[in-house]
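See below for the structure under consideration.
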Amino acid sequence: MAKKTKPETIPVTVTFLEMARPPAHYAPLPYNRQIALLRVRNIQVHYYRYLIDRVGRKWHWVNALRLSDEEIAEGLGKPDRDIRVLYLEGAPAGFFDIKPHAPGEIELAYFGMMEHATGQGLGRWFLSAAVEAAWSYKPDRVIVQTCTLDHPAALPLYQKIGFSPVGQAQEMVHPMTMEERAAVIVRP
């Protein structure tokens, strides 16, 4: 039996972006598609973990997965948290998570689509919907970050929508093994 080794730590460049005013227009909803975007009220921790895992597995979204159920529940229970799930042809296809970051500042904390939804021309509309939702809170600015592990189109898409880079940092990502991932996704 082969010995299971822990994945290597991965160096990444994180790019911080901000938008100081709402876009002049938002991308239109794609037509001839069965699409729904629903705000989730009282999201369950297990469903949030599922979304993080399914959207972020390929991109090593592990920070939220490493939180305890209590830590996740505390954040999700805040009244100003806005989580919306994208459905394509009746099945979950992505989500975004908006939360206040500082006075006058809204963070697009998570944004992404599941693999089966990518490459279908939904990304620009979906990100526009997330940005429109963020600006509905009337902040002074909206912030987001991406890194070199994210989809290669992420940074250019953020910039096309109207975000501007304001800084970068070098960080290390500590990937999860499938066993670690399974332990936090499939909890009793």
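The values are calculated or read from the model by the stated rules, or taken from the named source; none is laboratory data. Remember, it's a predicted structure, so these values are computed and weren't measured experimentally. Using ideal geometry, Cβ is built from the backbone for each residue, glycine included, and neighbour counts are taken over all protein chains shown.
Numbers below:
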| quantity | calculated |
| --- | --- |
| Residues within the range 110-124 that are surrounded by fewer than 18 Cβ atoms within 10 Å (Cβ to Cβ) and of a type outside the set (D, E, K, R), tallied | 5 |
| Cross-chain or 6+ apart pairs with Cβ under 8 Å, the range 143-156 first and within 16 Å of Asn63 (Cα to Cα), then part of a loop (DSSP other than H, G, I, E, B) | Val144/Phe163; Leu149/His60 |
| Unique match (being buried (at least 18 other Cβ atoms within 10 Å of the Cβ), in contact (Cβ under 8 Å) with a residue 24 or more places away in the chain, assigned to a strand (DSSP E or B) and in contact with a strand residue (DSSP E or B) (Cβ under 7 Å, 6 or more places away or on another chain)) among Ala130, Ala134, Ala93 | Ala93 |
| Filtered residues of the range 8-36 (kept if farther than 23 Å from Arg141 by Cβ and touching a strand residue (DSSP E or B) at 6+ places or on another chain (Cβ under 8 Å)) | Thr9, Ile10, Pro11, Val12, Leu29, Arg33, Gln34, Ile35, Ala36 |
| Conditions (1) of a type outside the set (Val, Ile, Thr); (2) in a helix (DSSP H, G or I); (3) without any contact (Cβ under 8 Å) to a residue 12 or more places away in the chain; number of the one not met by Pro79 | (2) |
| Residue in the range 110-117 that is farther than 23 Å from Leu149 by Cα and of a type outside the set (S, T, N, Q) present | no |
| Of all residues in the range 48-82 being among the β-branched types (Val, Ile, Thr) and under 24 Å from Thr148 (Cα atoms), the one that is modelled with the lowest pLDDT | Val62 |
| Single unsatisfied condition, Ile106 versus (1) touching a residue at least 40 places away in the same chain (Cβ under 8 Å); (2) surrounded by 18 or more Cβ atoms within 10 Å (Cβ to Cβ) | (1) |
| Candidate set from the range 137-188 (those that are assigned to a loop (DSSP other than H, G, I, E, B) and hydroxyl-bearing (Ser, Thr, Tyr)); member that is farthest from the chain's Cα centre (by Cα) | Thr177 |
| Qualifying positions in the range 172-188 - surrounded by 13 or more Cβ atoms within 10 Å (Cβ to Cβ) and either in contact with a Leu (Cβ under 7 Å, 6 or more places away or on another chain) or in contact (Cβ under 8 Å) with a residue 60 or more places away in the chain (or both) | Val173, His174, Pro175, Met176, Arg181, Val184, Ile185 |
| In the range 115-127, the residues that are of a type in the set (A, V, I, L, M) and without any contact (Cβ under 8 Å) to a residue 60 or more places away in the chain | Ala117 |
| Residues satisfying the stated conditions in the range 24-54, i.e. assigned to a loop (DSSP other than H, G, I, E, B), surrounded by fewer than 18 Cβ atoms within 10 Å (Cβ to Cβ) and without any contact (Cβ under 8 Å) to a residue 60 or more places away in the chain | Ala24, His25, Tyr31, Asn32, Gln34, Val40, Arg41, Asn42, Gln44 |
